[in-house]
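Each remark here refers to the structure printed beneath this line.
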Amino acid sequence: MRVLPTTAHGIVDYLTAFTLLVAPKLWRLDEVPPAATTFYAAGGSLTATSLLTDYELSLANVVPMRAHLVLDMASGVALAASPFLLGFRGGGPRYWIPHVAIGATEILTAAVTKPKRISKRSRVAGALKKIGSGLRTAQR
């Protein structure tokens, strides 16, 4: 069930990217370079993709929303699997739980996001239609 509009997805993207970029310092993961590097790479990648995605909160509408959602899912899987594939889960739960939790959140967010935004033209047309029907009602 896809219920999350692309605008809300964009907000989640930027908040997630910020979290990924500050997580190594916040959770003191710098002691294990692969744990920190994974977060930095995922945060930088998400920031770049978000700035280029065809949705309301981007700078350039280059990446189609469907492609963005596929990238989010792939990133989420990679992030969640990274402690196990790169071998830093042995450092304890604080090294693998954040990766799995944020990765799962990325997957879930992508799975519930509507793949198409309302175009600017459609929003304007909808607003004009409401205004027109309001005027017709007022004239009666």
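The values are calculated or read from the model by the stated rules, or taken from the named source; none is laboratory data. The structure presented is a predicted model; accordingly, all values stated were derived computationally and were not measured. Glycine also receives a Cβ, built like all others from the backbone with ideal geometry; neighbour counts cover every protein chain displayed.
Would you check if there is a residue in the range 33-45 being within 18 Å of residue 115 (Cα to Cα), in contact with a helix residue (DSSP H, G or I) (Cβ under 6 Å, 6 or more places away or on another chain), of a type outside the set (D, E, K, R) and part of a helix (DSSP H, G or I)? Please lay out each step first, then the result.
First, the residues of the range 33-45 that are within 18 Å of residue 115 (Cα to Cα): none.
No, every residue in the range 33-45 fails to be within 18 Å of residue 115 (Cα to Cα), in contact with a helix residue (DSSP H, G or I) (Cβ under 6 Å, 6 or more places away or on another chain), of a type outside the set (D, E, K, R) and part of a helix (DSSP H, G or I).
Within the range 36-60, restricting attention to residues that are at pLDDT below 95 and of a type in the set (Gly, Ala, Ser), which residue is nearest to residue 103 (Cα to Cα)?
Looking at the filtered set, the residue picked out is 58.
In the range 82-112, what residues are over 18 Å from the mean Cα position of the chain (by Cα) and exposed (fewer than 14 other Cβ atoms within 10 Å of the Cβ)?
Of everything in the range 82-112, those that are over 18 Å from the mean Cα position of the chain (by Cα) and exposed (fewer than 14 other Cβ atoms within 10 Å of the Cβ) turn out to be 84, 85, 87, 90, 92, 93, 94, 97.
Looking at (1) part of a helix (DSSP H, G or I); (2) in contact with a helix residue (DSSP H, G or I) (Cβ under 6 Å, 6 or more places away or on another chain); (3) without any contact (Cβ under 8 Å) to a residue 40 or more places away in the chain, which is the one condition that is false for residue 12?
Result: residue 12 fails condition (3) only.
Mind checking whether some residue in the range 61-78 is charged (D, E, K, R) and modelled with pLDDT under 95?
The answer is no; no qualifying residue exists.
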